[in-house]
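Colleague: Would you mind keeping the following structure in view while I ask a few things?
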Amino acid sequence: MKRALLLFDDRVAREWHPFSLTRPIGELLFGASLLREKLERVSGLRASGYLATPGLEGFEEMGAPSVLSLDRLPQAAMRLVLSSRYVPTVEDGRRGSPLLSSSGDLPQGGIRLAAESGATIGWILSGTDSLPSVHTHPDSDGRPVVRLRGRLLENPWQLLSENARQLSDELGDTRSGRGDPVGDVLRKAEGVHVLGDHPITVESGVRIDPLVVLDARSGPIHLSNDVWLQPLTHLLGPAYVGPGSTLIGGVFEALSCGPVSKLNGEVRDSIVLGYSNKAHHGYLGHSMLGRWVNLGALTTNSDLKNNYGPIRVGQKDHTLDTGLMKLGVFLGDHVKTGIGTLLGAGTVVGAGTNLVGDGLSTKWIPPFSWGSGAAYQPYHLEAFLESAERAMSRRQVMLTAGQRSFLGAAWRRSHPS
């Protein structure tokens, strides 16, 4: 029986600023894999596409499914529709959910799937069943209900506050198939110090220079294909370093780093989606970076208030109390900072913004802006696209015509006048 996996971004997911402007939420990194990849593993299916707001149609990224309109849904005898905010248990992700992998007969109208909290996380539908309202996902729609283990994330700062635990759960079992539990590269390395008893797994092509410390006393460490750890790198677990990434030197703790990123300095409890560059000293803590971010030398963020009170996150016309004492910044895709840029705790920087280091920034910086401190103006679209094209070409990635059109549409939504 042909089955299709569809992921949806609901109304809550669309408020996950600054990332929701330029990518489906399933393309965010959490622990050692994307949210989408966790749902693909638990279901045993490759995602056919996303159901999201029309503004995300045209999203294009290597390895990622596209955003579908309702008249372009794949033909299938069974459709599994899951929230991109749903995180299954690591155990279910390893072995697959018996329910989601089954192909038994469905009741007429399908079934509703709920998290342990009771909140709707999706549906299993036949090819003829009508699609529910995925943007509002009602918690009562008359369908039979089956509860699944796992949780539904409510906000983007949960990705940071729960990332260390997610890393430990995902990487803590060497039977997960993630690389060699010991690794020839560690056996042959000279001047490399390994501490602790948690698993350290290594994939092919990894290069570790002398004067590197792999510190697994607090959690496991995984080094993906073609990772390069340069001298004076101290990597503390739990940590996941994505393919082709380079740690130039510094202290890295509780790090989730996507592919082809270059990091230096002090980075703690942070997530970097990939293709991003922090090649100089400066502090990045309890923060999340989108793709194609470049941080100028000595760019530094705060992640703690002087009075140790809860940190509020900036929004367009208000702030939100996170209840967290430690929280840094959220930088959207294609954000660039100049040397010496200072970012306050809870700052949200919209996609495509270029910041010049001149005083502490405001908590909310609109997408595709240019400026410093509290003074910003729109970043001209063609100038932004030219800069993005140059940055991507340095990683041998082409800015396609489709991506130019998609980013242009995001720019126009951000500057409607």
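Colleague: Confirm whether Gly285 is buried (at least 18 other Cβ atoms within 10 Å of the Cβ), in the same structural domain as Leu247 (by TED's automatic domain parsing), within 22 Å of Ile271 (Cβ to Cβ) and within 17 Å of the chain's Cα centre (by Cα).
Modeller: Values: buried (at least 18 other Cβ atoms within 10 Å of the Cβ): yes; in the same structural domain as Leu247 (by TED's automatic domain parsing): yes; within 22 Å of Ile271 (Cβ to Cβ): yes; within 17 Å of the chain's Cα centre (by Cα): yes.
In short, yes.
Colleague: A further question follows. Name the strands (runs of 3 or more DSSP E) wholly inside the range 220-287 in which the number of residues that are small (Gly, Ala, Ser) is 1 or more.
Modeller: In the range 220-287, 239-241, 246-257, 262-274, 283-285 are the strands (runs of 3 or more DSSP E) which contain 1 or more residues that are small (Gly, Ala, Ser).
Colleague: Here's something else I'd like to know. Do the conditions hold for Leu160, that is, is it touching a Ser or Thr at 6+ places or on another chain (Cβ under 7 Å) and either modelled with pLDDT under 80 or assigned to a helix (DSSP H, G or I) (or both)? Show your work before the answer.
Modeller: Details: touching a Ser or Thr at 6+ places or on another chain (Cβ under 7 Å): no; either modelled with pLDDT under 80 or assigned to a helix (DSSP H, G or I) (or both): yes.
Judged against the criteria, Leu160 is not a match.
Colleague: Look through Leu171, Leu167, Leu148 and report the one residue that is touching a His at 6+ places or on another chain (Cβ under 7 Å), at pLDDT 85 or above, surrounded by 15 or more Cβ atoms within 10 Å (Cβ to Cβ) and under 30 Å from Phe8 (Cα atoms). Outline the logic, then answer.
Modeller: Working: Leu167 fails: touching a His at 6+ places or on another chain (Cβ under 7 Å); Leu148 fails: touching a His at 6+ places or on another chain (Cβ under 7 Å).
Exactly one residue qualifies, and that residue is Leu171.
Colleague: Considering only residues that are polar (S, T, N, Q) and within 16 Å of Val194 (Cα to Cα), look in the range 214-252 and name the one that is surrounded by the fewest Cβ atoms within 10 Å (Cβ to Cβ). Walk me through it before giving the result.
Modeller: First, pick out the residues of the range 214-252 that are polar (S, T, N, Q): 218, 224-225, 230, 233, 245-246.
Subsequent filtering for residues that are within 16 Å of Val194 (Cα to Cα) retains 218, 230, 233.
Numbers: Ser218: 16, Gln230: 18, Thr233: 23.
Checked the range 214-252; the qualifying residue surrounded by the fewest Cβ atoms within 10 Å (Cβ to Cβ) is Ser218.
Colleague: Any residue at all in the range 15-29 that is surrounded by fewer than 24 Cβ atoms within 10 Å (Cβ to Cβ), basic (Lys, Arg) and in contact with a helix residue (DSSP H, G or I) (Cβ under 8 Å, 6 or more places away or on another chain)?
Modeller: No, the conditions are met nowhere in the range 15-29.
Colleague: Then there's this: Pick from the range 318-340 the residues that are modelled with pLDDT of 95 or more and among the polar types (S, T, N, Q): which of them is surrounded by the fewest Cβ atoms within 10 Å (Cβ to Cβ)?
Modeller: In this case the residue turns out to be Thr322.
To keep it simple, each residue is scored yes or no on (1) within 19 Å of Glu162 (Cα to Cα); (2) without any contact (Cβ under 8 Å) to a residue 40 or more places away in the chain; (3) in the same structural domain as Arg187 (by TED's automatic domain parsing).
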{"position": "Ile208", "(1), (2), (3)": "no, yes, yes"}
{"position": "His222", "(1), (2), (3)": "yes, no, yes"}
{"position": "Asp226", "(1), (2), (3)": "no, yes, yes"}
{"position": "Pro231", "(1), (2), (3)": "no, yes, yes"}
{"position": "Val241", "(1), (2), (3)": "yes, yes, yes"}
{"position": "Glu253", "(1), (2), (3)": "yes, yes, yes"}
{"position": "Leu263", "(1), (2), (3)": "no, yes, yes"}
{"position": "Ile271", "(1), (2), (3)": "yes, no, yes"}
{"position": "Ala279", "(1), (2), (3)": "no, yes, yes"}
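Colleague: All but one of (1) more than 21 Å from Leu273 (Cα to Cα); (2) at pLDDT 90 or above hold for Gly49; state the number of the condition that does not hold.
Modeller: The failed condition is (1).
Colleague: Let me ask something else. Let me confirm something: among Gly31, Gly96, Gly44, Gly58, which residue is in contact (Cβ under 8 Å) with a residue 60 or more places away in the chain, touching a Gly at 6+ places or on another chain (Cβ under 8 Å), small (Gly, Ala, Ser) and at positive phi?
Modeller: Values: Gly31 fails: touching a Gly at 6+ places or on another chain (Cβ under 8 Å); Gly96 fails: in contact (Cβ under 8 Å) with a residue 60 or more places away in the chain; Gly44 fails: in contact (Cβ under 8 Å) with a residue 60 or more places away in the chain.
Gly58 is the lone residue from the list that is in contact (Cβ under 8 Å) with a residue 60 or more places away in the chain, touching a Gly at 6+ places or on another chain (Cβ under 8 Å), small (Gly, Ala, Ser) and at positive phi.
Colleague: Let me ask something additional. Tell me, yes or no, whether the range 75-84 has at least one residue that is within 19 Å of the chain's Cα centre (by Cα) and either surrounded by fewer than 22 Cβ atoms within 10 Å (Cβ to Cβ) or under 27 Å from His286 (Cα atoms) (or both).
Modeller: Checking the range 75-84: at least one residue is within 19 Å of the chain's Cα centre (by Cα) and either surrounded by fewer than 22 Cβ atoms within 10 Å (Cβ to Cβ) or under 27 Å from His286 (Cα atoms) (or both).
The values are calculated or read from the model by the stated rules, or taken from the named source; none is laboratory data. None of the values given here were measured: they were computed from a predicted structure. Backbone-built Cβ (ideal geometry, glycine too); neighbour counts: all protein chains shown.
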